[in-house]
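For reference, the structure is listed below as structure tokens.
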Amino acid sequence: MKNLAQTNYTSALETVRELKQRYGNTWNAINPENAARMISQNKFRTGLDIARYTASIMRKDMAEYDADPSQYTQSLGCWHGFVAQQNMIAVKKHHKTTNKKYLYLSGWMVAALRSEFGPLPDQSMHEKTAVPSLIKEIYDFLKQADAIELNDLFNRLEKGEDVQDLIDNFESHIVPIIADIDAGFGNEEATYLLTKKMIEAGACAIQIENQVSDAKQCGHQDGKVTVPHEDFIAKLNAIRYAFLELGVDNGVIVARTDSEGAGLTQKLPVSQEPGDLASKYLAFVEAEEIDIHAAKEDDVLLKRDGKLVRPVRLSNGLYKFKEGSNIDRVVLDCITSLQHGADLLWIETPTPNVKQISHMVNRIKKVIPDAKLVYNNSPSFNWTLNFRNQVYEEMLSEGENMTGYDRNDLMNAQYDGSELCFRADEKIKTFQMDSAKEAGIFHHLITLPTYHTTALHMNDLTQGYFGDNGMLAYVKGIQRQEIRKGVACVKHQRMAGSDLGDDHKSFFAGEKAIKAGGNKNTSNQFKTDTTVQEGKKIKEMVI
């Protein structure tokens with residue numbers, strides 16, 4: 001996708017030249033080519049520029065998915081700007097384009113890794129400001145990735161390399177972020193205010209859930225309490241108003257329902273007429289028929305089908321939903337959200353099962369045919385065990401002899417080379433593709449992958465480094481792999497902006513500039529530029 005065309009450089013060059021003429025000799029030291037180059041390396045001036053640009057990308061992708069369900073999108077959750085930057089650098093390196101690749105900002109990881117209170121559970125106890133701060137941080141790192149790569153290209157151009165086409169058709173590392181606002185951090189006004197900060201930081205898509213804000217739980221834990229539809233709709237409205245106020249007319253709202261695993265409600269909404277939303281919500285509340293004379297002082301009573309009933313109320317004041325009503329509540333939640341301004345749905349499920357997801361989505365599509373999901377490919381699922389269980393049932397129904405498998409121990413490594421393992425892993429491999437086609441999933445994300453990769457890599461490095469391998473654990477397991485795989489970060493000084501800063505200093509101070517990239521810079525030990533290296537490999541392959 002062209003988003004840094006040469007016309008931008010040319011336009012910037014003409015503008016700076018005009019400014020130099022206007023301000024005369026006081027601007028003699030300003031080189032128009034250098035200034036235009038710096039302008040070209042920073043297309044996005046504000047977070048709102050980013051939000052408008054990325055919202056357009058998402059809308060385009062949504063339309064393309066409607067036309068062809070194989071065109072789904074993906075993201076990984078990132079808890080730091082550097083992690084997001086390396087994610088997108090790797091995407092461009094391995095897949096040659098950022099098309100259909102997003103980033104996800106997880107409230108869980110903000111709570112666990114970014115709060116000044118220290119590590120917290122996913123219960124909306126972290127600071128509201130931590131969320132927009134992380135969005136801004138991510139985009140600062142992605143903009144730096146743009147500047148570093150373009151700076152390298154301009155330097156290569158100055159040295160006579162034919163890289164003009166790479167500059168003209170440069171694809172930015174800036175991609176959409178789907179940002180988690182939890183349950184809105186308070187009432188609808190609080191949701192509106194925080195949404196504005198998130199949009200101003202660059203978010204084009206806000207994901208909000210239908211839990212009670214001050215009782216919020218992780219979607220994969222017990223104790224979830226949902227709100228009546230009217231309360232949730234008010235927050236959807238608050239988010240849309242925030243988008244409109246800030247001029248992001250095509251901003252995306254992702255409405256998440258936790259009703260599949262939620263059995264409690266805090267409020268009984270007021271029904272104005274039979275069959276309205278409040279009435280439908282109340283119909284899910286568990287209640288027992290009662291005679292008026294058996295009612296206790298201060299009991300809450302409802303009239304249902306001409307009879308007097310008492311809602312089942314816990315000692316903490318919460319009300320219970322009927323057993324088995326969860327799927328019906330999910331479907332009603334989703335339909336209601338789409339009918340009141342949401343663009344995409346998110347359904348928290350107990351397991352990653354294509355048939356179960358499609359069952360719910362197909363019911364929603366009977367009312368709203370173009371309903372689409374954002375789906376959490378959660379690390380809270382035991383993917384290996386879930387899919388081995390699914391395949392076990394399939395093989396059993398096909399008449400296979402299953403006596404070689406212990407149904408209660410399918411995680412056992414002894415099954416790793418078995419037919420059951422092969423079939424289960426194949427299902428995991430194609431899960432995203434299958435569910436995109438069969439269950440209306442437009443966007444697949446993993447909420448906490450970089451949380452787990454960090455833990456795993458620290459476990460492996462620590463085991464070797466503090467053991468017998470010493471420094472070899474780092475060299476063999478990390479640095480040697482970075483060099484051989486062409487990971488840009490092996491030259492960490494460059495990645496942090498040292499080379500870019502040297503060029504800037506030369507723009508500002510000319511020959512007087514003190515640069516870091518001289519002969520005594522130990523980064524020179526990593527001499528081969530990864531871009532040039534990859535170009536040579538391609539050329540050798542062609543020859």
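Dividing the alpha-carbon radius of gyration of the stretch 163-312 by the rule-of-thumb value 2.2 N^0.38 Å gives 1.44. Peptides 70-82, 283-295, 377-389 ranked from most to least packed give 70-82, 377-389, 283-295, packing being the mean of other C-beta atoms within 10 angstrom over each peptide's residues.
Here the spin labels are modelled as points 7 Å beyond Cα on the Cα-Cβ line, and at residue 368 and residue 90 they lie 3.4 nm apart. Its relative contact order, with pairs defined as Cα atoms under 8 Å and 6+ residues apart, puts the stretch 1-89 at 22 percent. When peptides 314-326, 235-247 are sorted by average Cβ neighbour count within 10 Å, with the highest value leading, the order is 235-247, 314-326. Per the 1.4 Å probe, what fraction of the accessible area of the chain, in percent, lies on carbon and sulfur atoms? Ligands and nucleic acids excluded, carbon and sulfur give 52 percent. Subtracting the Cα-Cα distance of residue 438 and residue 250 from 0.36 nm times their residue separation leaves 65.0 nm of extension gain. Taking the longest Cα principal axis of the chain as reference, the axis of helix 81-95 is set at about 80 degrees. Its relative contact order, with pairs defined as Cα atoms under 8 Å and 6+ residues apart, puts the chain at 14 percent. Averaged over its residues, the chain has an accessible area of 50 Å² per residue, based on protein heavy atoms and a 1.4 Å probe. Surface calculation, 1.4 Å probe, protein heavy atoms: residue 143 sits at approximately 50 Å² accessible. Length gained on full extension, residue 299 to residue 484, computed as 0.36 nm times the residue gap minus the Cα-Cα distance: 59.4 nm.
Indicate the gyration tensor shape class of the stretch 3-158 (rounded, prolate or oblate), computed on the Cα atoms with a ≥ b ≥ c the square roots of the eigenvalues: a/c under 1.5 is rounded; otherwise a/b larger than b/c is prolate and the rest oblate. It comes out prolate by the Cα gyration axes.
When log10 I(q)/I(0) by the Debye sum over Cα atoms at q = 0.07, 0.09, 0.12 Å⁻¹ is calculated for this entry, the matching label among (1) -0.38, -0.64, -1.19; (2) -0.45, -0.73, -1.18; (3) -0.51, -0.80, -1.25 is (3). If I take R0 = 41 Å and measure r between the Cβ atoms of residue 412 and residue 492 in this structure, what FRET efficiency does the formula 1/(1 + (r/R0)^6) give, to the nearest 0.05? FRET efficiency, residue 412 to residue 492: 0.50. Can you give the translational diffusion coefficient of the stretch 294-417 in µm²/s, computed by Stokes-Einstein from the Kirkwood radius over Cα pairs at 10 °C and 1.306 mPa s? Value of D from the Cα-based Kirkwood radius: 85 µm²/s. Accessible area of residue 428 (1.4 Å probe, protein heavy atoms only, ligands and nucleic acids ignored): about 50 Å².
Using the average count of surrounding beta-carbon atoms within 10 Å as a protection proxy, the listed peptides 132-141, 253-262, 414-423 rank, highest first, as 253-262, 132-141, 414-423. Rolling a 1.4 Å probe over the protein chains gives residue 425 an accessible area of about 80 Å².
Computed from label points 7 Å out along Cα-Cβ, the spacing between residue 309 and residue 339 is 2.1 nm. Each part reduced to its alpha carbon centroid, the stretch 174-214 and the stretch 276-331 end up 32 Å apart.
For the chain, the dipole from Cβ point charges (+1 on Lys and Arg, -1 on Asp and Glu) about the Cα centre works out to 1700 debye, to the nearest 20. Full extension of the chain segment joining residue 396 with residue 15 gains 129.9 nm, where the gain is 0.36 nm per residue of separation less the Cα-Cα distance. For the chain, the longest principal axis of the C-alpha atoms and the axis of helix 229-245 are separated by about 20°. The mean sequence distance of close C-alpha pairs (under 8 Å, at least 6 residues apart), as a share of the length of the stretch 342-426, puts its relative contact order at 30 percent.
Can you give the angle from 0 to 90° between the axis of helix 354-365 and the longest principal axis of the chain, with both taken from C-alpha atoms, to the nearest 10? Approximately 80 degrees, to the nearest 10. Cross-link partners of residue 355 among lysines, defined as those whose alpha carbon lies under 17 angstrom from its own and excluding same-chain residues fewer than eight positions apart: 365, 366, 372, 427, 429, 437. Each part reduced to its alpha carbon centroid, the stretch 396-429 and the stretch 16-34 end up 71 Å apart.
The values are calculated or read from the model by the stated rules, or taken from the named source; none is laboratory data. Quick caveat: nothing in here was measured; it's all calculated off a predicted structure. In this analysis, Cβ positions are derived from the backbone assuming ideal geometry, glycine residues included, and neighbour counts consider all displayed protein chains. Protein only, heavy atoms only, side chains kept; ligands, DNA and RNA dropped before computing areas. Shrake-Rupley method; radii C 1.70, N 1.55, O 1.52, S 1.80 Å.
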